[in-house]
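Undergrad: Below you'll find the structure I mean.
The values are calculated or read from the model by the stated rules, or taken from the named source; none is laboratory data. This is a predicted model, so every value here is computed, not measured. Because the Cβ atoms are built from the backbone with ideal geometry, glycine has one as well, and the counts that use them run over all protein chains shown.
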Amino acid sequence: MTTKSADETLPFRNLIAGYTDAIRVSDFKANIGILFVAFMMGPLLGSYPKFPHYLPIPIVLMPFLTVYFCLLVVLMPRYPKRGRKNFVISRTAQPSDFTPNDDADKEVEILKTRCAVLSEILYWKTLFLRLAFLIAMVAIVITILLLFYIWL
């Protein structure tokens, strides 16, 4: 015999809140990362004339521009087509677009779809944040080696 809980939507609502908070945190990390990369590029560009002649500036800036691209992709808003019927994003929204749903099973399906959409958004944000972090760390090591080469 199965028993239904008083509110079947509560676990999904909590999951949606967790996904939303994680998405906000990843956006904050991307904003901080953009500032960090900008601060890293200054000393590198300042000492560029001392670099070897065979190292062109586009090659030197390529990792930094790649990190910028990844971080901008993280900050790019995503409006998925899946679940759009119940997740209204409109400039001309009407109150009738947000009618409550009395059917509990339909409400659970709507919340499951929203969880899936937010999970996909968080996956791509996390992937590009990790990629940007990895490229930035490798670029820092290479930059330090180049600066030591200049110093010697």
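Undergrad: Might you let me know whether segment 9-24 holds any residue that is more than 30 Å from residue 112 (Cβ to Cβ) and small (Gly, Ala, Ser)? Break it down into steps so the answer makes sense when it comes.
TA: Here is the first cut: in segment 9-24, the ones more than 30 Å from residue 112 (Cβ to Cβ) are none.
For segment 9-24, residues more than 30 Å from residue 112 (Cβ to Cβ) and small (Gly, Ala, Ser): absent.
Undergrad: Considering only segment 107-128, state which residues are without any contact (Cβ under 8 Å) to a residue 40 or more places away in the chain and within 13 Å of residue 12 (Cα to Cα). So that I can check it myself, show each step before the final result.
TA: To start, the set of residues in segment 107-128 that are without any contact (Cβ under 8 Å) to a residue 40 or more places away in the chain comprises 109-110, 113, 116-117, 123, 127.
Correct list: 109, 110, 113, 116, 117.
Undergrad: With respect to residue 126, determine if the residue is surrounded by 14 or more Cβ atoms within 10 Å (Cβ to Cβ), in a helix (DSSP H, G or I) and out of contact with any helix residue (DSSP H, G or I) (no Cβ under 8 Å at 6 or more places or on another chain).
TA: Numbers: surrounded by 14 or more Cβ atoms within 10 Å (Cβ to Cβ): yes; in a helix (DSSP H, G or I): yes; out of contact with any helix residue (DSSP H, G or I) (no Cβ under 8 Å at 6 or more places or on another chain): no.
Answer is no for this residue.
Undergrad: Another question about this same structure. With the requirement that a residue be hydroxyl-bearing (Ser, Thr, Tyr) and in contact with a Leu (Cβ under 9 Å, 6 or more places away or on another chain), what does segment 89-145 give you?
TA: Within segment 89-145, the first condition is being hydroxyl-bearing (Ser, Thr, Tyr), and the residues that meet it are 90, 92, 96, 99, 113, 119, 123, 126, 143.
Scanning segment 89-145 gives 119, 143.
This table checks each residue for (1) outside any helix (DSSP H, G or I); (2) hydroxyl-bearing (Ser, Thr, Tyr).
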residue: 21; (1), (2): no, no
residue: 25; (1), (2): no, no
residue: 33; (1), (2): no, no
residue: 52; (1), (2): yes, no
residue: 58; (1), (2): no, no
residue: 68; (1), (2): no, yes
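Undergrad: Out of 98, 133, 69, 64, I need the residue that is under 23 Å from residue 17 (Cβ atoms) and either surrounded by 14 or more Cβ atoms within 10 Å (Cβ to Cβ) or among the hydrophobic types (A, V, I, L, M, F, W, C) (or both). Which one? Break it down stepwise before answering.
TA: On the way: 133 fails: under 23 Å from residue 17 (Cβ atoms); 69 fails: under 23 Å from residue 17 (Cβ atoms); 64 fails: under 23 Å from residue 17 (Cβ atoms).
Being under 23 Å from residue 17 (Cβ atoms) and either surrounded by 14 or more Cβ atoms within 10 Å (Cβ to Cβ) or among the hydrophobic types (A, V, I, L, M, F, W, C) (or both) holds for just one of 98, 133, 69, 64, which is 98.
Undergrad: Answer with yes or no whether residue 50 is basic (Lys, Arg), touching a helix residue (DSSP H, G or I) at 6+ places or on another chain (Cβ under 6 Å) and at pLDDT 80 or above.
TA: No; evaluated as a whole, the condition is false for this residue.
Undergrad: Given (1) modelled with pLDDT of 80 or more; (2) of a type in the set (Val, Ile, Thr); (3) assigned to a loop (DSSP other than H, G, I, E, B), identify the lone condition not met by residue 74.
TA: Among (1) modelled with pLDDT of 80 or more; (2) of a type in the set (Val, Ile, Thr); (3) assigned to a loop (DSSP other than H, G, I, E, B), residue 74 violates only (3).
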